[in-house]
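Q: Below: one structure in structure tokens.
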Amino acid sequence: MITETIKKFVGRLFKPVARGPQRIPRDKHGIDRRNVSRHAIKVCDVLRQHGYSAYIVGGAVRDLIVGLEPKDFDVATDATPEQIRPLFRRARIIGRRFQLVHVVFGPEIIETSTFRAPASQDQETDEHGRILRDNVFGSHEEDAARRDFTMNALYYDPHTEEVIDFHQGVHDLKKRQVRIIGDPAQRYREDPVRMLRAVRFAAKLNGTIDPATREPIGTMASLIENVPASRLFDEMLKLLTCGHAMDCLRQLRADGLHHGMLPLLDVVLEQPGGENFVELALERTDKRVRAGKSISPSFLFAALLWQQVDSRWKQLRAQGEHTIPALVRAADSVLDEQTEKLAIQRRFSSDMREIWFMQPRFERRSGKAVYRMIEQPRFRAACDFLQLRAAAGEFDSVLAQWWMDLANADDAGRAEMIEELARLPRDPAEASAPRKRRRRPRRPPAAHATPSE
């Protein structure tokens, strides 16, 4: 009797695990088809009509399950890029590391990729193991195995409204746990950006990182330095605009991952008032993201780097350099250091400079100066930045509010505010300041008239 009981227990303990994916019905995963992009559904339908399988995949499925609004929709299929492109009127093949197809529907782009095989010894890698090219196509199951985290290896079939799950991703998602597929150390060597993504997903979902997934990060953080600067910038932007930016930055510091992204971040947060300023900037950004409002990368990076610019600006002014040249030098030195690792695009760095260079001009409110400020293309962004400085105690809050009211007013309201400003008594400090007298141009001495004869 006891022997039989032991046999049954052992049999249950070593019961073969069912292979193959789980097909989770709608009443279990909770995705409402009405929240799925109709263009992504159309891509899947067209591919199915031509004999291919196609699914909505990745972040969109993850976000729909937890009740978030996806930023974009991707499709995975067994059709190759050359087979996909002729099926759509506006489609183009892109990609170097691996090829995929962008199917364009007005402003929306549906990124469509072919099922890929997991990494192999035949794939081209750098000396650290990072995959450089990944154009080996595979099966649906192999495609799921090569994806980074279980919550991103979920496939939604808009035809049956089922979620296909190879790695218990829905279970991890319900627990809000980030778990990598395969050996963590090997997967981080293949793509070090996965360490940053683990932190971002955990913060975004208000969840945790699986202990085995987290364990190698501390010792492998230096691999981030091998990632191309342009890709690192893209990942940094996603991290800062996920709606939980401050939580992400704190976790990056804890795991030692921030050095390759914002090398002077520790310096910023250690300066007096530095952490407060960064927190204010990121809190406001997070609120806008959660409210579904647009955000400006230029403004965000201008805020993150302002404490360093301001500190160097003050040092140069203390050494006797004039206000504007000192600010220009301070801004250039900070941007030069940051762009060595973080490829801030030129259009962003140009906007950042404009926002910074307008800050000293807010201290003057003479009529002509105000009109010149209004004409600047980044006037509104600079006013928002001024509000941030006022909230951090760097600028007079009453004066900052006057500028914001001016920015919000229409043309007639602005003219009235400037006229009212002209009627006000001059500021005592400004009145006591010595005024420069304009020199009249010296006229050449008149020629002596000769008496007519």
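The values are calculated or read from the model by the stated rules, or taken from the named source; none is laboratory data. All values derive from a computational prediction rather than experimental measurement. Here Cβ is always computed from backbone atoms with ideal geometry, including for glycine, and neighbour counts include all displayed protein chains. Accessible surface is based on the protein model in full, side chains and every heavy atom, while ligands, DNA and RNA are left aside. Shrake-Rupley method; radii C 1.70, N 1.55, O 1.52, S 1.80 Å.
Q: Which order, highest average first, do 363-376, 320-333 follow once you tally other Cβ atoms within 10 Å for each residue and take the mean per peptide?
A: 320-333, 363-376
Q: Hey, can you rank 58-66, 301-309, 407-415 by average C-beta count inside 10 Å, highest first?
A: My ranking of the peptides, most packed first, is 301-309, 58-66, 407-415.
Q: Continuing with the same structure: Run the simple label-point estimate for residue 254 and residue 160 please: 7 Å along Cα→C-beta, distance reported in nm.
A: 4.0
Q: Here's something else I'd like to know. About the Cα centre of region 286-367, how large is the charge dipole given +1 on each Lys and Arg Cβ and -1 on each Asp and Glu Cβ? Please answer in debye to the nearest 20.
A: Numbers: 15 positive and 10 negative charges, 83 e Å.
About 400 debye.
Q: Right, another one. Rounded to the nearest percent, how much of the accessible area of region 34-73 (1.4 Å probe, protein heavy atoms only) is carbon and sulfur? Write down the numbers at each step before the final one.
A: Details: 830 of 1990 Å².
Exposed carbon and sulfur together represent 41 percent of the surface.
Q: How many angstrom lie between the Cα centre of region 31-108 and the Cα centre of region 219-260?
A: Value for the Cα centre distance between the two parts: 28 Å.
Q: Enumerate the calculated ³J(HN,Hα) couplings along region 84-96 in order (Karplus 6.51 cos²θ - 1.76 cosθ + 1.60, θ = phi - 60°), each rounded to whole Hz, writing x wherever the residue is Gly or Pro.
A: Once θ is set to phi - 60°, the couplings for region 84-96 become 6, 4, x, 7, 10, 5, 10, 8, 9, 8, 10, x, 10 Hz.
Q: At most 14 other Cβ atoms within 10 Å and a DSSP loop assignment: could you name the GluC sites (Glu not before Pro) in region 147-225 that fit? Please list the in-between numbers first.
A: Working: sites: 161, 162, 190, 225; in loops: 161.
Nothing satisfies the criteria.
Q: Let me ask something additional. Quick one: dipole size for region 148-193, taken about the Cα centre, charges +1 on Lys/Arg Cβ and -1 on Asp/Glu Cβ, in debye to the nearest 20.
A: 320
Q: Quick check: at a probe of 1.4 Å, how many percent of the accessible area of region 297-422 sits on carbon and sulfur atoms? Intermediate results must be reported in sequence, preceding the final value.
A: Numbers: 2880 of 6190 Å².
Percent of accessible area from carbon and sulfur atoms in region 297-422: 47.
Q: I need the shape label for region 19-175. Rule: rounded when a/c is under 1.5, else prolate if a/b > b/c, else oblate, with a, b, c from the alpha carbon gyration tensor.
A: Because a/c hits 1.5 or more and a/b fails to exceed b/c, region 19-175 counts as oblate.
Q: Work out the FRET efficiency for residue 33 and residue 283 from their Cβ-Cβ distance, taking R0 = 30 Å, and round it to the nearest 0.05.
A: FRET efficiency, residue 33 to residue 283: 0.30.
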